[in-house]
Amino acid sequence: MDFSNKQIVVTGGTGALGSAVTGALLRAGAHCVVPYVDAAEAERFAHRGDPNVKLVAVTDLADETEVAKLFDTVAASTPLWASIHIAGGFAVGKVAETGKRALMAQLDGNLVSCFLCCRAAVNAMIEGKQGGRIVNVAARPGLEWRTGAGMSAYTVAKAGVAALTSALAEEVAKDGILVNAVAPSIMDTPANRAAMPKADFGAWPKVEDVAATILFLASPDNAVTRGAVVPVYGKS
Ligand SMILES: NC(=O)c1ccc[n+]([C@@H]2O[C@H](COP(=O)([O-])OP(=O)(O)OC[C@H]3O[C@@H](n4cnc5c(N)ncnc54)[C@H](OP(=O)(O)O)[C@@H]3O)[C@@H](O)[C@H]2O)c1
């Protein structure tokens, strides 16, 4: 896949999946705009010295002002080709133990951030008049609700990401913007290995393999796929 001279926003781009996506995009010739919240994570980011990465400090992508600040840094000289929305977080918690604060944290981090970045990306792409690609990141419980028992707030937020993907894809297809999502199961990340040391790591999808699916959906090679929420479960 060729992303030469293509400008791409990657939210959550310094995280576990985000680093794999950003690395693959850079190898394919892209220019990446990567927001970060945690300065220490940005310090550790493997691609921070790459001349084709623009790191942008933000406080919270569930905040409209911060999203506007991020998309304002997209170089005006090159239309925004793709926007990949990986930013999000995970929390367990039974409904009986989840208050509004915890619910809103999941909705804000996973759904509101995705919604606001979709809006900003669509506006930039319509202005650029070249169409574009948006890829969101849902999660398996967002597609298979029963698997979200014990993590309902997260499940509701990711189900919202899945529904947003489908509705928005229909809305903007006429503008040449193809919107899709991936829904990973538990991925093989250092954090998951530490949290579940006895699990069968080999069954979990690798972040590089999930990144490969995201790259196809974000690429010009994806000529017709839209409104899909693609399961990326590996052998799990
Ligand atoms: N890991 C899994 O097994 C798994 C499974 C299914 C779905 N997912 C989804 O896949 C995505 C990536 O997961 P991951 O394991 O790579 O997570 P990760 O390493 O924790 O990375 C998450 C990234 O999102 C950013 N972020 C979170 N909330 C944000 C906010 N409100 N504003 C701006 N940035 C925010 C974080 O930024 P800072 O670190 O700078 O704060 C971080 O860069 C998430 O959406 C997650 O829900 C993960």
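Any read-out appearing in this document is the output of simple, stated calculations on the displayed coordinates, not a laboratory observation. Here the structure is a predicted model, which means the values were calculated and not measured. A quick note on method: Cβ atoms are made from the backbone with ideal geometry, for glycine too, and the neighbour counts reach across all protein chains shown.
Assorted remarks:
- FRET efficiency, 1/(1 + (r/R0)^6) with R0 45 Å, evaluated for LYS129 and ALA194 via beta carbons: 0.45
- Using a Gaussian network model of the chain in which every pair of alpha carbons under 10 angstrom is joined by a spring, one finds that among VAL112, VAL135, VAL37 the greatest mean-square fluctuation is at VAL37.
- R0 of 22 Å, Cβ-Cβ distance SER77-ARG27: FRET efficiency to nearest 0.05: 0.45
- Cβ-derived FRET efficiency at R0 30 Å, GLU43 paired with VAL92, nearest 0.05: 0.55
- Surrounding net charge for LEU70, when Lys and Arg each add one and Asp and Glu each subtract one, Cβ distance under 14 Å: -2
- Label-to-label distance, ASP209 versus LYS69, with points set 7 angstrom from Cα along the beta-carbon direction: 3.8 nm.
- With eigenvalues of the C-alpha gyration tensor scaled by 5 and rooted, segment 7-232, Å: 26, 20, 18
- Pairwise label distance in nanometres, LYS174 with THR225, each label 7 Å out on the Cα-Cβ vector: 2.6
- For ILE84, the amide hydrogen comes within under 5 Å of the amide hydrogens of VAL9, VAL10, THR11, VAL135, counting only partners 5 or more places away or on other chains and with H modelled in the peptide plane.
- Choice from GLU170, GLU97, GLU64 with maximal GNM fluctuation in the chain (Cα, 10 Å cutoff): GLU97
- Pairs from LYS94/LYS198; LYS6/LYS206; LYS6/LYS158; LYS174/LYS235 whose Cα-Cα separation, in the structure shown, is over 31 Å: LYS174/LYS235
- Under Karplus coefficients 6.51, -1.76 and 1.60, residue-wise ³J(HN,Hα) of segment 177-183 in Hz, glycine/proline x: 9, 9, 10, 9, 9, 10, 10
- Close amide H pairs (under 5 Å, H built 1.01 Å from N) link TYR36 with VAL56, ALA57, VAL58, residues at least 5 positions away or on another chain.
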